[in-house]
Amino acid sequence: MWSLLNLKSFQIFSTGQRLWRRTIKTKSLVYHRFGVPDEVVEMVEGELPDPGDKQLLIKIALAPINPYDLYNILGKFHTGPKKFPYTGGSEFVGEVVKKGATYTPYVRGDIVIPLTLGSGAWTTYKLVNESDVYKVPNKVGLQEAASTAIIACTAYRLLRDFVRLSEGDSVILSGANSAVGQMILQLCKLWKLNSIGIVRDRDNVVNLKEDLKNLGATEILTDKEIDCTDLFETCPLLKPKLALDCIGGTIGSMIAQRLIKDGFMVSYGEISNEPVYAESNQFVMQENVFMGFSIIKWLDENMKLDKHILMLEDLMTQILRKNLIAPRMEMVPFDFYKVLPDPLKFVNMANRKFVFDMREETLDETLQLVDSD
């Protein structure tokens, strides 16, 4: 009798655990149409999914807010949503809290970042195929990991894919205070390249310049200074072989004019929504090359290839060696979606990077989920 009652009590307890687990809800930031971010994005709750074979349930810890994500909401990219509803965000770092029934090399507690850029980074829990994530090495911080999948990879590819750079060569870049810009400055220092960063003039520009030089910049100029500086005449070796532009408009046009003969100009964004103007002399006499680059397209084509994994391993190694640090981040709660800025205002917010911090959203629930599995 005691055994039967004990068994029945255990069954009731187990049933209660399963029912309680069903009450755990995911919170996701989704949009059902294109539009201004703070007008179309809404928070939606859903059921907690169970992983199938070769799947993992990830509790998202940090999810950056990238300009790419905001432009996607506006409907500016052909790589954006093909159908709605669509969960915002493209980059995250999270923890494995549950796995499917079949064998997997992943275990609970593993920290992962995405190898795909589909819908779903701005959510508290995410179901993924195990082949779609990369395991972050131990001792790599969450902030560094959160900014690797897109930010660090963009910087890496911009410096490696278009022109062969040697020690002592120079790179000029707009948006030096952006997250990608900060990573470019650090990689230039690591690879012994000169870097001249351009930032918009602002009240705290002196402090901003100092911060960016501490990251590794050779020189930082404002958009007002670049047009009248004699830096490249007094220091000819600083004349850039590669120009990287994410702004467009006047700033993009001015850095293009600073290229050496046979130089490369790469545009990877047009945040100003203004065109870049180049003189015909740059094509005819200077033989400069102007190209466009989309990290999203590159990642879509190369995400699972060995060269991408090797790049991630190289970046993680440099992070562990303290040669690369995460961009300055400002952690924001989920409610920040109600005041999501437009992309231009977003990039002009000094050298801060906004990141959804979901570590406290479902902490107790995650512990219960793991204990009751």
Neighbourhood net charge (13 Å Cβ-Cβ; Lys/Arg +1, Asp/Glu -1) for residue 263
+1
Taking amide H atoms as placed 1.01 Å from N in the peptide plane, list the residues 5 or more away in sequence, or in a different chain, whose amide H sits under 5 Å from that of residue 127.
58
³J(HN,Hα), Karplus 6.51/-1.76/1.60, whole Hz, each residue of the stretch 121-137, x for Gly, Pro
7, 8, 8, 6, 10, 9, 8, 9, 6, 4, 6, 9, 10, 10, 6, 7, x
DSSP loop GluC sites (Glu not before Pro) in the stretch 170-238 with at most 16 other Cβ atoms within 10 Å of their Cβ, which ones?
225
The stretch 162-292: Rg/Rh from Cα coordinates, Kirkwood Rh?
0.93
If the only charges are +1 at each Lys and Arg Cβ and -1 at each Asp and Glu Cβ, what is the size of the charge dipole of the stretch 162-292 around the Cα centre, to the nearest 20 debye?
380 debye
Sites residue 47 and residue 291, calculated FRET efficiency, Cβ-Cβ separation with R0 35 Å, nearest 0.05:
0.15
Mind listing the phi-derived Karplus ³J(HN,Hα) values for the stretch 244-256, rounded to whole Hz, using 6.51, -1.76 and 1.60 with θ = phi - 60°, and x for any glycine or proline?
10, 10, 10, 9, x, x, 4, 4, x, 5, 6, 6, 4
Provide the per-residue ³J(HN,Hα) series for the stretch 48-64, in order, calculated from phi with Karplus coefficients 6.51, -1.76, 1.60 and θ = phi - 60°, each as a whole number of Hz, with x at glycine and proline positions.
6, x, 9, x, x, 4, 6, 10, 10, 9, 10, 8, 6, 9, 10, 9, x
Using 12 Å as the cut-off for backbone N distance, which residues of the stretch 212-253 belong to the label zone defined by a point 7 Å from the Cα of residue 277 along Cα→Cβ?
249-251, 253
Of the trypsin sites (Lys or Arg not before Pro) in the stretch 119-163, those whose Cβ has at most 11 other Cβ within 10 Å and which sit in DSSP loop
139
Tell me the net charge near residue 287. Cut-off is 12 Å between Cβ atoms, residue 287 excluded, with +1 for each Lys or Arg and -1 for each Asp or Glu.
0
Sequence gap at least 6, Cα distance under 8 Å: using those rules, report the relative contact order of the stretch 162-292 to the nearest whole percent.
23 percent
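Each value in this text was obtained by applying a stated rule to the coordinates, not by laboratory testing. Keep in mind that this is a model prediction, so the values were computed, not measured. Reconstructed Cβ throughout: ideal geometry from the backbone, glycine too, with neighbour counts over all protein chains shown.
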